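Below is one structure; the comments refer to it alone.
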Amino acid sequence: AFNLVDEVMCATLHNHTLVRKEELVAATRAIPLIMKRAPIDRAAAIAAENGPVLCIKPLRQARVGLVITGNEVYHGLIQDRFSPVLTDKVTSLGSEVAALDFAPDDANEIAAVIRAQMDRGCDLLLLTGGMSVDPDDVTRHGIRKAGAVEFHYGSAVLPGAMFLVAYLDGVPLLGVPACALHHRVTVLDLVLPRVLAGEHIGKAELAFLGHGGLCRDCAECLYPHCPFGKGF
């Protein structure tokens, strides 16, 4: 409504854009060099009536627990490649990895690790492996067994369709699919900052990511200076 008022304008960055202190996020102008005051007053009234035009949310410093699942990595048959990737993403946003645990493809053991990390003070968990629907992919079942009461499997993002969001005693649990190993940017990069900003990610939020949720897989990745994840 603000930009429907004649002779004034306001331009902003995309919604859900990560910004740094003192970075420009919006600009407004009186379009003509000379104008009457009435349009300015009308635009200001619209902004006052509808609340702030912009809202900048700080990212909290989370104590993150990493749960790496899978028989092969648990028994040392293959090297863990997930934890370095996730650690980089967590620390780049100002949080810390407070716990790193491995679990086999056993729903009860995965549930026990989840509970143990929460008992150690982790207030955000990232879980990897077992996110498909194969019979031995049981991470989703482990999350349910741990007691998660809200559970959303699947996002409208590529890469990242098999992403999972659940909540357990108010703690977000994010299930990270294998695409995070093969793509520099995935759905996790869209959701993790919003979780750290205090947003509750549910079914609707995961669905709305679909507009702009297709990564173009450019030869030279320019994210976040690209359309990926900029739909809403």
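All of the numbers you see were taken from the coordinates with simple rules; none came from a lab. If you're wondering where the values come from, they're calculated on a predicted model, not measured in any experiment. Here the Cβ positions follow ideal geometry from the backbone for every residue, glycine too, while neighbour counts run over all protein chains shown.
Under a Cβ-only charge scheme (Lys and Arg +1, Asp and Glu -1), can you give me the dipole magnitude of segment 63-208 about the Cα centre, in debye to the nearest 20? Spell out each step's value before the answer.
Working: 11 positive and 18 negative charges, 60 e Å.
The dipole magnitude comes to about 280 debye.
Assuming a ≥ b ≥ c are the square roots of the Cα gyration tensor eigenvalues, decide whether segment 2-50 counts as rounded (a/c under 1.5), prolate (otherwise, with a/b larger than b/c) or oblate.
Details: a/c = 2.75, a/b = 1.85, b/c = 1.48.
Prolate.
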For the chain, built as a Gaussian network whose Cα springs stay under 10 Å, the top-fluctuating residue of 50, 108, 71: 50
Cut-off 17 Å (backbone N to label point 7 Å along Cα→Cβ of residue 149), residues of segment 168-194: 168-173
How would 208, 82 line up from fewest to most surrounding beta-carbon atoms within 10 angstrom? 208, 82
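When 35, 118 are ordered from fewest to most other Cβ atoms inside 10 Å of their Cβ, what list results? Intermediate results must be reported in sequence, preceding the final value.
Working: 35 13, 118 19.
Listed from fewest to most nearby Cβ atoms, that is 35, 118.
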At q = 0.12, 0.13, 0.18, 0.20 Å⁻¹, what log₁₀ I(q)/I(0) does segment 24-124 have when each alpha carbon counts as one equal point scatterer in the Debye sum? -0.60, -0.63, -0.91, -1.04
Take every Cα pair under 8 Å in the chain that's 6+ residues apart, average their separations, divide by the length, and report that relative contact order as a whole percent. 16
Rounded to whole angstrom, the alpha-carbon centroid of segment 168-194 lies from that of segment 86-142 at a distance of 11
As I understand it, the value is the acute angle between the Cα axis of helix 187-196 and the longest principal axis of the Cα atoms of the chain; what does it come to in degrees, rounded to 10? 70
Taking only C-alpha pairs under 8 Å that are 6+ residues apart, what is the relative contact order of segment 2-50 in percent? 44
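I need the peptides 58-68, 141-151 ranked by packing, meaning the mean over residues of other C-beta atoms within 10 angstrom, with the highest value on top.
Details: 58-68: 19.5, 141-151: 17.6.
With the highest mean Cβ count within 10 Å placed first, the list reads 58-68, 141-151.
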With 33 Å as the cut-off, how large is the P(r) tail for the chain, expressed as percent of Cα-Cα pairs? 28
Estimated FRET transfer efficiency when R0 is 25 angstrom, pair residue 223-residue 141 (beta carbons, to 0.05): 0.15
Between residue 211 and residue 46, how many nm apart are label points set 7 Å from Cα along the C-beta direction? 1.9
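Sorted by average packing, counted as other Cβ atoms within 10 angstrom per residue and highest first, what order do 195-202, 12-19, 184-191, 157-164 take? The partial results should precede the final answer.
Numbers: 195-202: 15.6, 12-19: 13.4, 184-191: 23.4, 157-164: 21.8.
Ranked by mean Cβ neighbours within 10 Å, highest first: 184-191, 157-164, 195-202, 12-19.
Averaging sequence separations of C-alpha pairs under 8 Å and six or more residues apart, then dividing by the length of segment 9-89, give the relative contact order as a whole percent.
Details: 27 pairs, mean separation 14.3, N = 81.
For segment 9-89, the relative contact order is 18 percent.
Given segment 63-208, what percent of its DSSP beta bridges are antiparallel, to the nearest 5? If you can, show how the numbers build up before the last one.
Numbers: 9 of 25 bridges.
Once the DSSP bridges in segment 63-208 are tallied, antiparallel ones form about 35 percent.
Return the FRET efficiency for the residue pair residue 77, residue 161: r is the Cβ-Cβ distance, R0 is 35 Å, and the value is rounded to the nearest 0.05.
With R0 = 35 Å, the Cβ-Cβ based efficiency is 0.80.
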Of 90, 111, 225, which is farthest towards the positive pole of the chain's charge dipole, taken about the Cα centre with +1 and -1 on the beta-carbons of Lys, Arg and Asp, Glu respectively? 225
Once both axes come from the Cα atoms, what is the angle between helix 82-92 and the longest principal axis of the chain, in degrees from 0 to 90, rounded to 10? 30
Pairs beyond 23 Å (Cα-Cα), from 21/57; 57/145; 36/57; 89/145: 57/145; 36/57; 89/145
Helix 38-50: inclination vs the chain longest Cα principal axis, degrees, rounded to 10, gives 30
What nm value, rounded to one decimal, do you get for the distance between residue 25 and residue 1 when each label is placed 7 Å out toward the C-beta? 2.2
